[in-house]
Amino acid sequence: LTDQGAAERVLAGVVTANLFPLLGVRPVFGRGFLPEEDAPGSANVAVLSHSLWTARFGADSGIVGRTITLSGERYEVIGVMPRGFRFADGIVYGPADLWLPMKGLPAAARASRGDHPGLVGIGLLRPGASVETARADLAAIAAELTREHPMTNADQSVRVDDAATVILGDLQSGLLLLLAAVALVLLVACANVAGLALARTTARGREIAIRVALGASHRHVALELLAESAIVSVAGCVGGLLVGWGALLAFGANITSLPRLDAIGLDARVFVLVAVASGLSTLLFATAPALWARRLDADRWLRTRSGTDVGATRARRAFVAAEVALTLMLLSVSGLLLRSFAALRADTGGIEPTGVLAFSVSLPADPYSDTLRATGFFSGLEARLRAVPGVEAVGAVSVLPFSGAGSQSGMSRFGEPTTPEYERSVDVMVATPDYFRTMGIALVRGRGFTTADRAGTDPVAIVDEAFAATFWPGEDPVGKRVQGWGFHALEVVGVVRHVTNYGVAAPSREELYVSHATRPYRLMTVVVRGQGDPAQLAAPARAAVRELDPNLPIYGVRAMRDVVDATLTGPRLAAFVSASFAAVALLLSAIGLYSLIAFQVAQRTREIGVRVALGAQRTAVAGMVVRQALAIVAAGCVLGAIGTVGAARLVRHQLFGVGPGDPLVLAAVAGLLLTVALIASAIPARRAASVEPLIAMRDE
C-alpha cells in the first residue's frame, strides 16, 4: 500500500463475493462485493478493515469511493468492515487488513489440476446437519474426483473442521483447564467456609440450645442459619462480579494471546452462571451447620460445660482434609504443567533464537521479475547488514520456522516413479548460504550452501536428519539425489539438524532446503544475529532496505525468541492458570487449617490447663497441636494423591518432557503442604503452650 505516507505491507484476503453475507457481517460504511465484481476482468475494488481504515486513513468517513494503490494497481474502496471483524484470523494465515474479490481461480490453477491455488472453503451447515455429515459428503466427492483424475487426486481428500476448533486451536484445552481449576478452587472455598461456618455455629451452641429450650423449632433455627449463609454467598457473589469487572478493565487489553477477547464481557449469561454457582455454593457450605442445628440436643448441650461437640469437630477436620486433598490435586497438576512448560521453553526446536531478529521483505514483480535482480537485492541487503556494528551473521529463508506457515512438495528418490506411492510430502524451503549459522541450526554432515551454488550449476540440496532417516535409513545421504519440487535431480550436499517448524512439541515434516541463488524467491524472511537486544537491529534493517529500494517496506519485525514463545501460548496459559489457582487454593487451605487448629485450641483451653497443672511439659502440649495439624494434612495428602492420579492423566496430552506420575513433583507438593501445616499450626501451638492453668480453670 503506497498511498498517504511510507510504503506499508498489508495482508489482503482474497474472497468470493458471498463470503460476508455467509458470515452474517455487513460493512459499517459502504457495501460488500457484488456478484459481478467477482467475475474475471471486472473493476478493481477493495473493502478495508476497521483497523487499517483507522490507522492509515484517520477514520475518514469519506473513504468510500476513493482509490488506493496496492502493488502498483489502483483499487476503489467500496466499504469498511466493523470493528473487531478479524476474518480470517486463525483460519488462513492471519487477520486481513483488507479484502479483494477473488475473480475466479488464478489462470495457472485453472490450467493445471496439479497446482495448489491456496483456497479454503467456508460453509454453513443446514439445520440438523453435523460436521460429521459434511465430512462424509465431502469425502465421497473427493473419492469420486480421485476416480476421475487419478494422477492429481490420488490420496487427496477434504479436511473439515468447525470454525471454533480452528480458531481456538490448542487454547481450547487450556480454557477447559481454566474451568476445571475454577471449579476446584470453588470447592476448596466451600469446604473452607463450611468449616468456618460450622465452627461459628458450634460456638453459638449454648445460644441455639437456649432458643430451642424456649420453644424455637429446630427447622426454624436451621433456616435462619441457611439465610445467614446466603447473605455471605450473595456478598461474595457481588464482590466476585466487581473483581471480575475490574480485572477485565485492567488486564483484558494486555492478554493478546486469547482469540476474541474483545467479545468477552459481563453479560446476562455471566450473571446467570454466577447466580447458579452462588446458590450451589450456599448449599455446599451451609448444609453442615444447618444439619448440626437440626440435630442439636438442647438438654445435653446445656448440661455440658465444655461447649464442644465431637461430631462437629470431626466434620471440621474432614472439611480441612478435603481442602488439602483438592489443593494437592491442583498443586500437582500445576507442578506438572510448569515443568512441562519449562521443558518446552528450554527446547528451542533445533534453532538458537536468542539474539536473532527476523523481518520479511516482499519484492514486487516489477522491477524484480528478473531472477538475478532478486538474488542481487538480498545479497546486497545481507552485505549491508553484516557491516552493522554488533551483527554476527545474516541469512534469509523463504519460510520462517515457528511462524505457522509452511510450504510442502512431493519428493522422491532419484529414478523412482513420481507417484504418490513413492513420493513423500516434505517441507521445502529456499535459504541463503549463511542462514543455518545465523539461526544456529547445526550442520550434522557434509557442507552448507556456498556462493558457488548459483544459477547455471547443478542444483544441490541440504536435508535434515528426519529426511535422511526416511529416504535413506542407515545410509550416508551425502551424494544421493532426489527429485521433485520442479527439479529433475537435486544432489544432497549436507545434512542439518531437524527443526520442529510448527512448534516445539507439534508434529513436523521432513525438511529440504535449496539455495536461493538456484531458486530465487521474491518473498524472503531475513534473520540477523547480533549482540544484545535484537530489537536494536530493527532500525538498521529498515535503513538498509531503504538504501536499496526506498519504496520497499519491511514487515513482520520480531525477535525469534518471541516467535518461538508464540507457539507456547496454550502451554503458557495452562501453566499460568493452574499455578494461579493452585496458589489461591493453597492460601485457602492454610487459612482453613489455621482456623481449625486455633478454634480447637480455644475450645480445649480448660483441658490444656488441666494437662499443664498435672505436669505436662509445654513443649509436649505444642507438639500435640502440631501433630494434629500434620495428621489432618497427611490424611488430605493421601486422598489428594489418589485424585491426582486421575487428574494427571486428564492433562497428560499437554505434558512435554515429564510424566503424569512424576515423583519429584508429588514429593515437592507434599513437602510444601506439610510445611504450610507447620506454619499454620505454629501460632495456635504457641498459644496452647502459653496457657496458664489458674486462668484456664478459673471457673472451676
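Can you name the residue in the range 76-105 that is open to solvent by 60 Å² or more (accessible area, probe 1.4 Å) and at pLDDT 65 or above and, of all such residues, is farthest from the chain's Cα centre (by Cα)?
Filtering the range 76-105 for residues that are open to solvent by 60 Å² or more (accessible area, probe 1.4 Å) and at pLDDT 65 or above, the one farthest from the chain's Cα centre (by Cα) comes out as GLU76.
Every residue in the range 573-586 that is in contact with a helix residue (DSSP H, G or I) (Cβ under 6 Å, 6 or more places away or on another chain) and either crowded, with 22+ Cβ neighbours inside 10 Å or within 29 Å of MET439 (Cβ to Cβ) (or both), please.
LEU573, ALA574, ALA575, SER578, PHE581, ALA582, ALA585, LEU586 - these are the residues of the range 573-586 that are in contact with a helix residue (DSSP H, G or I) (Cβ under 6 Å, 6 or more places away or on another chain) and either crowded, with 22+ Cβ neighbours inside 10 Å or within 29 Å of MET439 (Cβ to Cβ) (or both).
Would you call LEU187 closer than 26 Å to ARG314 by Cβ, modelled with pLDDT under 80, in a helix (DSSP H, G or I) and not hydroxyl-bearing (Ser, Thr, Tyr)?
No.
Can GLY72 be described as surrounded by fewer than 19 Cβ atoms within 10 Å (Cβ to Cβ), modelled with pLDDT under 95 and either under 22 Å from VAL557 (Cα atoms) or not basic (Lys, Arg) (or both)?
yes
Just need a number here: residues in the range 197-245 that are open to solvent by 70 Å² or more (accessible area, probe 1.4 Å), among the β-branched types (Val, Ile, Thr) and touching a residue at least 12 places away in the same chain (Cβ under 8 Å).
Of the residues in that region, 3 qualify.
State the number of residues belonging to the range 633-649 that are open to solvent by 60 Å² or more (accessible area, probe 1.4 Å) and either more than 20 Å from the chain's Cα centre (by Cα) or in contact (Cβ under 8 Å) with a residue 40 or more places away in the chain (or both).
Total meeting the criteria: 4.
Just checking, how many residues over the range 528-587 are closer than 23 Å to VAL669 by Cβ and either polar (S, T, N, Q) or more than 14 Å from the chain's Cα centre (by Cα) (or both)?
Residues meeting the conditions: 10.
Could you grab me the full set of residues in the range 335-376 that are touching a residue at least 40 places away in the same chain (Cβ under 8 Å), part of a helix (DSSP H, G or I) and either open to solvent by 80 Å² or more (accessible area, probe 1.4 Å) or touching a helix residue (DSSP H, G or I) at 6+ places or on another chain (Cβ under 6 Å) (or both)?
The answer is GLY335, LEU336, LEU337, LEU338, ARG339, PHE341, LEU344, ARG345, ASP366, TYR368, LEU372, ALA374.
Suppose we filter the range 531-570 for residues that are open to solvent by 10 Å² or more (accessible area, probe 1.4 Å), on the phi < 0 side of the Ramachandran plot and outside any helix (DSSP H, G or I); how many remain?
Residues in the range 531-570 being open to solvent by 10 Å² or more (accessible area, probe 1.4 Å), on the phi < 0 side of the Ramachandran plot and outside any helix (DSSP H, G or I): 13 in total.
Given the condition open to solvent by less than 70 Å² (accessible area, probe 1.4 Å), at pLDDT below 85 and not in a helix (DSSP H, G or I), answer yes or no: does some residue in the range 124-139 qualify?
Among the residues of the range 124-139, not one is open to solvent by less than 70 Å² (accessible area, probe 1.4 Å), at pLDDT below 85 and not in a helix (DSSP H, G or I), which makes the answer no.
Take the conditions in contact with a strand residue (DSSP E or B) (Cβ under 6 Å, 6 or more places away or on another chain), of a type in the set (Ser, Thr, Tyr) and free of Cβ contacts under 8 Å to residues at least 24 places away in the same chain and apply them to TYR435. Does it pass?
Considered against the rule, which asks whether it is in contact with a strand residue (DSSP E or B) (Cβ under 6 Å, 6 or more places away or on another chain), of a type in the set (Ser, Thr, Tyr) and free of Cβ contacts under 8 Å to residues at least 24 places away in the same chain, TYR435 comes out as no.
If you scan the range 590-632, which residues turn out to be of a type in the set (Lys, Arg), part of a helix (DSSP H, G or I) and in contact (Cβ under 8 Å) with a residue 12 or more places away in the chain?
Within the range 590-632, ARG606, ARG618 qualify.
Please verify whether ARG454 is open to solvent by 10 Å² or more (accessible area, probe 1.4 Å) and touching a Gly at 6+ places or on another chain (Cβ under 8 Å), treating the condition exactly as stated.
Against the criterion (open to solvent by 10 Å² or more (accessible area, probe 1.4 Å) and touching a Gly at 6+ places or on another chain (Cβ under 8 Å)), ARG454 does not qualify.
Being among the small types (Gly, Ala, Ser), in contact with an Asp or Glu (Cβ under 9 Å, 6 or more places away or on another chain) and either at positive phi or in a strand (DSSP E or B) (or both) is the requirement here; does ALA489 meet it?
yes
If we keep just the residues of the range 423-450 that are of a type outside the set (A, V, I, L, M) and surrounded by 22 or more Cβ atoms within 10 Å (Cβ to Cβ), which is farthest from GLY355 (Cα to Cα)?
Among them, the one singled out is ASP427.
Which one of PHE436, PHE414, PHE467 is under 25 Å from ALA559 (Cα atoms) and of a type in the set (Phe, Trp, Tyr)?
Among PHE436, PHE414, PHE467, only PHE436 is under 25 Å from ALA559 (Cα atoms) and of a type in the set (Phe, Trp, Tyr).
Residue pairs, Cβ under 6 Å, 6 or more apart or interchain, first in the range 497-512 and aliphatic (A, V, I, L, M), second surrounded by fewer than 20 Cβ atoms within 10 Å (Cβ to Cβ) and part of a loop (DSSP other than H, G, I, E, B). List them.
VAL504/ASP347; ALA505/PHE656
Could you check, for the range 400-420, whether at least one of its residues is touching a Phe, Trp or Tyr at 6+ places or on another chain (Cβ under 8 Å), assigned to a loop (DSSP other than H, G, I, E, B) and hydroxyl-bearing (Ser, Thr, Tyr)?
Within the range 400-420, none of the residues are touching a Phe, Trp or Tyr at 6+ places or on another chain (Cβ under 8 Å), assigned to a loop (DSSP other than H, G, I, E, B) and hydroxyl-bearing (Ser, Thr, Tyr).
Considering only residues that are of a type in the set (S, T, N, Q) and open to solvent by 60 Å² or more (accessible area, probe 1.4 Å), look in the range 1-28 and name the one that is farthest from ARG546 (Cα to Cα).
The selected residue is ASN18.
The values are calculated or read from the model by the stated rules, or taken from the named source; none is laboratory data. What you see is a predicted model; the values in this text were computed from it and never measured. Here Cβ is always computed from backbone atoms with ideal geometry, including for glycine, and neighbour counts include all displayed protein chains. Only protein heavy atoms, including side chains, enter the accessible area calculation; ligands, DNA and RNA are left aside. Shrake-Rupley method; radii C 1.70, N 1.55, O 1.52, S 1.80 Å.
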